[in-house]
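A short worksheet on the structure shown next.
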Amino acid sequence: MIVRILGEGQVDVPDTEMDSLNKLDEAVQQAVDGSDDEAFTQSLAALLNRVRQVGSPLPDDEIVPSELVLPSADASLAEVRELLGDEGLIPG
Amino acid sequence: MSMGRRIALIFKAKANKVLDKAEDPRETLDYSYEKQLELLTKVRRGVADVATSRKRLEIQMQQLQASSDKLQGQAQQAVTAGRDDLAREALTRRAAANQQLADLQTQHAQLQAEEEKLQLASQRLQAKVDAFRTRKETIKATYTAAEAQTKIGEAMSGISEEMGDVGMAMQRAEDKTQQMQARAGAIDELIASGALDDASQPLGGKDDIQRELDSMSAGSDVELELAKLKGELPAGSASAPQALPEATATEEKK
């Protein structure tokens, strides 16, 4: 699975890690939904650390879309809200 | 749905919007390539802008450090001369200069991190743009419009995600640089006002503490000269004033 960390680039994460990443990702989503700044920063850091740990960087000249796109570690809850604000564009 | 998937879909939706507009999807390849080259130029300029801001901060940091050192020296000089009031004033200004310096060091570290990120983003984008050009030519040469659809979709959503990422990094860096420039302007004004002392001003320009210290040392120079002159008088000169009664009388008349 290809994952992008905004501002850092893309990594290839083994499919065996998907479950654990999805759980960490859900935790971030919950923090966003609950407007919990502290939980957001912590859960995002945990998710990014895991991605960096298990992922291998994609070569610069590879052009593929990512399955997960994650904010950078210093992103604020407000910035992520803004990022998700275009949600209307997505069908369903 | 998880946050990461939602953001990924937002990026894909943006790429699809561009694709949907074109009658022949192959046209979007050339259009996108133009946009990529534009972005690449912008990013390079962005890196240069951040570097300029960083250098400006470095000059200010040097100025503040020089002020701080100078004020420290003045405080020592004042204490030696028994002028605690002047020493206190110098130390107070030094504390203010040091506070500004500490703030600038933090800003500088942030700006440097931003610059490095942008530099890497620029390299990544360059590699991707080169790869895209090759892929675009292959797709155009090999497939009919209908066949090319899937290949183009992949290439377009991949590259537009990258462009979106780089675009946001640029925006962030620009915002930081603007904040920094406003701040740098404020510090320049503060230095110019003399509130933090200005060690960078041209030679001969002196602040009020220095002026007072100088006049004190000028005063003690006079005392020294006087003592020296007294020492040079011949032995038994203690009676000298009595030997010149007329001169003294003349002085008193004035």
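Any read-out appearing in this document is the output of simple, stated calculations on the displayed coordinates, not a laboratory observation. Remember, predicted model here, so these are calculated numbers, not experimental data. With ideal geometry, Cβ positions are generated from the backbone for all residues, glycine too; neighbour counts draw on all protein chains shown.
When the scattering of chain A is computed by the Debye formula from its Cα atoms alone, each counted once and equally, what is log10 I(q)/I(0) at q = 0.13, 0.25 Å⁻¹? The Cα Debye sum returns log10 ratios of -0.44, -1.35. Pairs of alpha carbons in the protein assembly as shown separated by more than 29 Å make up 60% of all such pairs.
A convex hull fitted to the Cα coordinates of region B:1-129 yields 139 cubic angstrom per residue.
Computed 3J(HN,Hα) for region B:126-143, one whole-Hz value per residue from the Karplus formula 6.51 cos²θ - 1.76 cosθ + 1.60 where θ = phi - 60°, is 4, 4, 6, 5, 4, 5, 5, 4, 4, 5, 4, 5, 4, 4, 5, 7, 9, 10, glycine and proline marked x.
Packing around the peptides B:57-63, B:68-74, B:143-149, taken as the average count of other Cβ atoms within 10 Å per residue, puts them in this order, highest first: B:68-74, B:57-63, B:143-149. Note on residue B:55: lysines with a C-alpha under 18 Å away, same-chain residues under 8 apart excluded, are B:117, B:176. Inter-chain Cβ neighbour count for B:142-148, averaged per residue, equals 0 (cutoff 10 Å, partner chain atoms only).
Counting only DSSP beta bridges with both residues in chain A, tell me the antiparallel percent, nearest 5.
The antiparallel proportion sits near 65 percent.
For the pair residue B:112 and residue B:222 in one chain, pulling the backbone fully straight at 0.36 nm per residue adds 34.3 nm over the alpha carbon distance. Grouping the Cα pair distances of chain B into 10 Å bins from zero gives a pair-distance distribution of 6, 19, 16, 13, 11, 10, 8, 6, 4, 3, 3, 1, 0 percent in increasing distance order.
In chain B, the calculated helix contribution to ellipticity at 222 nm averages -31500 deg cm²/dmol per residue, counting -39,500 (n - 2.57) for every DSSP H run with n ≥ 4.
Legend: mean number of C-beta atoms from other chains within 10 angstrom of residue C-beta atoms, peptide B:119-130, equals 3.
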